[in-house]
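No lab work stands behind these numbers, since they all come straight from the coordinates. None of these values were measured; they are calculated from a predicted model. All Cβ positions, even for glycine, are placed from backbone atoms using ideal geometry, and neighbour counts span all protein chains on display.
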Amino acid sequence: MEISMRGRRLVVAGGSRGIGRSIAEVFARAGADVSICARGQAGVDEAVQALRAHGGKVHGASCDLADGDAVRAYIGQAADALGGIDILVNNASGFGRSDDEAGWATSINVDLLATVRASHAALERMPDGGSIIHVSSISGLTPSVRTPPYGAVKAALIQYTKTQAAALASRKIRVNCVAPGSIEFAGGVWDVAKQNNPPLYKRILDSIPFGRFGGPEEVANVVLFLASDMASWVTGQTIAVDGAQMLS
């Protein structure tokens, strides 16, 4: 079954690599016009070039998502470039690991406040019937001893999803969330751990009942479904995409 996004305008906050890049790609293949941002201009440029191969309108910009003014400016630029915003995906993560001021500040500023700020800005340019999807983590659904700030802030996104869904229901704007498990891709956290911390990599791998790490495209496909008309009666939900990792 193919899902068409022709005529839809997607903005991915944090979309030059990994899960965000895969989200942009599956939507572009489905016919959507796409805008992405990330901190590094080179990564954005490379992703934009690849996305243009799918034939739709593509916009990209560098943006420090920890900077509120930069977030609002980017959303405005994306809306101007695409002619509006139908779907917003908040994907960026600072991945605050340490239980100290720096770790908490990173997670709050990037994972949480960037999501709030991008949502507020996008809603000004989003017609009724649009969709917002947040990328959380199964760390927000279970204890997160290794990364306390990351887990707590991802849990906040799950709660915010429910609040937004209730608040925006009158506009028929659906708000949902995906909670990925451990996802491996080139240059990502688990790719780095495979090289630099094999015991941790093996311990996490052994904890996943499916016997493998997930791929970013497996998360992207769920996001595509949630943004599509096939999920027209789904809002306020968080879907774990984890190969039963959370159940082990």
Margin query: Suppose each label sits 7 Å from its Cα in the direction of the beta carbon; what would the Thr163-Ala53 distance come out to in nanometres?
Written below: 4.2
Check: Hey, what number do you get for the chain at 222 nm if only DSSP H runs of n ≥ 4 count, each worth -39500 (n - 2.57), divided across all residues, to the nearest 500?
Finding: -13000 deg cm²/dmol
Check: Out of Ile239, Val44, Ile3, whose Cα points farthest toward the positive end of the dipole of the chain (charges: +1 Lys, Arg; -1 Asp, Glu; placed on Cβ)?
Finding: Ile3
Next item on the list: Return one number: the angle in degrees, 0 to 90 and rounded to the nearest 10, between the long axis of the Cα atoms of helix 148-168 and the longest principal axis of the Cα atoms of the chain.
Entry: 30
Check: Where the centre of each part is set by its Cα atoms, how far does region 166-218 sit from region 83-99, in angstrom?
Finding: 14
Item checked: Which of His134, His120, His59 has the fewest Cβ neighbours within 10 Å, and the rest in rising order -> His120, His59, His134
Check: Which angle between 0 and 90 degrees, to the nearest 10, do you get for helix 41-51 versus the longest principal axis of the chain when only C-alpha atoms count?
Finding: 70
Note to self: Tell me the label only: which of (1) 50, 45, 31; (2) 103, 38, 29; (3) 48, 39, 38 is Cα extents along the principal axes in Å as calculated from this structure?
What the structure shows: (3)
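Treat the count of other C-beta atoms within 10 Å as a stand-in for reagent exposure and order Tyr74, Tyr201 from fewest to most. Could you put the intermediate results ahead of the total?
Working: Tyr74 26, Tyr201 20.
So the residues, fewest neighbours to most, are Tyr201, Tyr74.
How high is the relative contact order of region 154-224? Use alpha-carbon pairs under 8 Å, at least six apart in sequence, and give a whole percent. If you can, show how the numbers build up before the last one.
On the way: 42 pairs, mean separation 19.8, N = 71.
Over region 154-224, the number comes to 28 percent.
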Margin query: 7 Å from Cα along Cα→Cβ at both Asn221 and Gln237: what's the point-to-point distance in nm?
Written below: 1.7
Item checked: Ranked list, fewest to most other Cβ atoms within 10 Å of each Cβ, for Val234, Val222 -> Val234, Val222
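Taking the Cα centre of the chain as origin, sum charge times position over the Cβ atoms of Lys and Arg (+1) and Asp and Glu (-1), and report the length of that vector in debye to the nearest 20.
Details: 23 positive and 23 negative charges, 65 e Å.
It works out to roughly 320 debye.
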Checklist line | Length-normalised contact order of the chain in % [C-alpha pairs under 8 Å, at least 6 apart] | finding: 19
